[in-house]
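Asker: Below is a structure I'd like to ask you about.
FYI, it's all coordinate maths here, none of it is from the lab. Keep in mind it's a predicted model, so treat the numbers as computed, not measured. Heads up, the Cβs are rebuilt from the backbone with ideal geometry, glycines too, and the neighbour counts pull from every protein chain shown.
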Amino acid sequence: MTAANRSIRNRLLRNKGALFGLVVIGAAIGVAVTAYFIAPDPSPDANRIIVEIGGRRPGFRQLFLLLKKERQPAQVGFFGRLLNGREDRYEYIPIDSYTRRDDSLIVQKFIDEGVEERRSYPSAPGTAEGSRSRTKANLPAWQIRTQTFWIGTDKYGRDILSRLLIGVRVSLAVGMVTVLLSLSVGVLLGALAGYFRGRVDEIILWLVNVIWSIPTLLLVFAIMLLLGKGFWQVFIAIGLTLWVNVARIVRGQVLAVREREYVEAARALGYSHGRILFRHILPNVMGPVWVVAASNFASAIVIEAGLSFLGVGVQPPQPSWGLMIKENYNFIITHNPMLALAPGLAIMLLVLAFNLLGNALRDLLNVKA
C-alpha cells in the first residue's frame, strides 16, 4: 500500500460518518454471509409458516410441539446450508400446555385466542425440552420447545427477524450487481466519448440524454417487461438504468485529462489508444467514480425495495425488505406497526451508511460536484 493510499485510509477512518457507514456495511456483509446460521428460522427463505401465530407483536413467546416429519429432507452440507439454509426436520405445532400420562403426551393445541384443541401423541420416543440426546441419524419423534419472536411474526406466522437477516442478501446483491453493471457500461462509454470526441461523443451523449429523459422506475418497468420477473432480472434492470451518471462523470474527467503532458508523451511513444485510455487515463480519473458507485449502491437498494413493494421485484417467498413492507403495511395503522417499520428502518440504515461513505469519499478525494 502506497503512502497516499495509507493517508486516505487513515483519514477515512477518522471521519465519524465514514466509520459509521463502514461499520454498518461490514455488519450487513457479515449477516448476509452467516444469515442461515444465526437466523432463528434457518429454513430456506425463512419461510416456516405457522398461521395460528400470525401478526404477533415483538417479544412474543410461544410453546411448540415439534413433530418429526414422516418424510425427512435430504442432508445438507455446510456450503449448501450457507447458501440456502436447510429444510425443517420437524413440523411446528403451537400449543398452550402439555402433560405426560403413562405412554401418551397430551397437548392443548393453540388455535386462536381462547380456542384450543386437545391432542394425544405417543410419549415414549419423545425428548423433553432442552434435551441434547438426539443425533442426526436418530431424531426423536417429538420435542417441546419455547421460541421467542423478537420482532414479531408476519400475517403468515413467519419470524420477522429471520426474514430481515436473510433479506439483507437481496439488498447487498442488488447493490453489488448494479454497481458492477453500471460501472462497466458507464466507464466504458464515458471513456470512449471523452477520449475520441467527435462523432463517437455525439452518439454516446445522445444515448445518455435519451436514457436520462425517462423516469427511472418507468425505464426499469420497460426493461423488466422484456426480461420478465425474477431475482436476477431485477438486478440487471436496475443496473441498466444507473450507468448514465457514471458515463457523464467519466466523460468529463477524460476530457479534462486527455490533453495532459503524460498523455501526450504516451501518444508520442506510439502507444495504442486502448493502452493510453485504460492504463494511463482511467486510473487517474476513478476518484469521482467511486463516489458515484457508493451513491448508486444506495439508489439500487431503494429502487429494488420500491419494485418489490409494487410486486414486480423479488417474488415471494424469497425475503426482500420491500416485499416485507408490502405484506405488512396494513399493520402500521393497527396493533403491530413494527412488522412494516422494521424492514423500513433496515433500508434506511443501510442506505444512510452508503451515503455517508460516499460523502466521506467525496471529501477525501476532493471531488467537485
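Asker: Looking at the chain, how many pairs of lysines come closer than 18 Å at the Cα, when each pair is eight or more places apart or spans two chains? Kindly include the intermediate steps, with their values, before the conclusion.
Answerer: Numbers: Lys68/Lys109; Lys68/Lys136; Lys69/Lys109; Lys69/Lys136; Lys155/Lys326; Lys229/Lys326.
Within the chain, the lysine pair count is 6.
Asker: Another question, then. Need one number: nm distance between label points at Tyr262 and Asn84, each 7 Å from Cα along Cα→Cβ, rounded to one decimal.
Answerer: So the label points at Tyr262 and Asn84 sit 4.9 nm apart.
Asker: Related question: May I ask you to derive the relative contact order of the chain, considering only C-alpha pairs under 8 Å and at least 6 residues apart, and to give it as an integer percent?
Answerer: 21 percent
Asker: For Kirkwood radius over Cα pairs in Å, the choices are (1) 24.0; (2) 21.7; (3) 21.1; which was calculated from the structure?
Answerer: (1)
Asker: First measure r as the distance between the Cβ atoms of Val200 and Lys16, then evaluate 1/(1 + (r/R0)^6) with R0 = 41 Å and state the FRET efficiency to the nearest 0.05.
Answerer: Working: r = 44 Å, r/R0 = 1.07.
Result of the calculation: an efficiency of 0.40.
Asker: Next question, about the same structure. Could you check which residue among Gly54, Gly186, Gly270 shows the biggest mean-square fluctuation in a GNM of the chain with a 10 Å Cα cutoff?
Answerer: Gly270
Asker: Hydropathy first: keep DSSP H helices in the chain averaging at least 0.5 on Kyte-Doolittle, then drop any whose Cα extent along the axis falls short of 18 Å, and list what survives. Write down the numbers at each step before the final one.
Answerer: Working: long enough: 16-38 (31 Å, 1.96); 160-196 (53 Å, 1.90); 198-213 (22 Å, 0.98); 243-257 (21 Å, 1.04); 287-310 (35 Å, 1.47); 338-364 (39 Å, 1.66).
Once both thresholds are applied, what remains is 16-38, 160-196, 198-213, 243-257, 287-310, 338-364.
Asker: What FRET efficiency do you get for Asp96 and Thr334 if R0 is 30 Å and r is their Cβ-Cβ distance, rounded to the nearest 0.05? Numbers along the way, then the final one.
Answerer: On the way: r = 24 Å, r/R0 = 0.81.
It comes out at approximately 0.80.
Asker: Could you work out the local net charge near Val220, counting Lys and Arg as +1, Asp and Glu as -1, over the other residues with Cβ closer than 13 Å to its Cβ?
Answerer: Taking every other residue near Val220 into account, the sum is 0.
Asker: Let me spell out the model: positive unit charges on the Cβ of Lys and Arg, negative unit charges on the Cβ of Asp and Glu, origin at the Cα centre of the chain. What dipole size does that give, in debye rounded to 20?
Answerer: Here the chain has a charge dipole of around 1040 debye.
Asker: Hey, if you put +1 on the Cβ of every Lys and Arg and -1 on every Asp and Glu Cβ in the chain, which of Val107, Val285, Leu139 ends up farthest toward the positive end of that dipole?
Answerer: Of Val107, Val285, Leu139, it is Val285.
Asker: I've got another one for you. Would you calculate the separation in nanometres between label points at Asp363 and Asn209, each defined as 7 Å from the Cα along the Cα-to-beta-carbon direction?
Answerer: Using points 7 Å along Cα→Cβ, the separation is 3.7 nm.
Asker: Please give the calculated 222 nm ellipticity per residue for the chain, where each DSSP H segment of at least 4 residues contributes -39500 (n - 2.57) and the sum is spread over every residue; nearest 500 deg cm²/dmol?
Answerer: Working: 12 runs with 198 residues, N = 369.
Per the formula, -18000 deg cm²/dmol.
Asker: Okay, next question. Once you have the Cα-Cα distance between Asp103 and Arg71, take 0.36 nm times their residue separation minus that, and quote the gain in nm to one decimal. Mind dumping the intermediate values first?
Answerer: Working: separation 32, 0.36 × 32 = 11.52 nm, distance 2.41 nm.
Fully extending the segment from Asp103 to Arg71 adds 9.1 nm.
Asker: Taking the Cα centre of each part, how many Å lie between the range 236-250 and the range 312-369?
Answerer: If you average the Cα positions of each part, the centres end up 21 Å apart.
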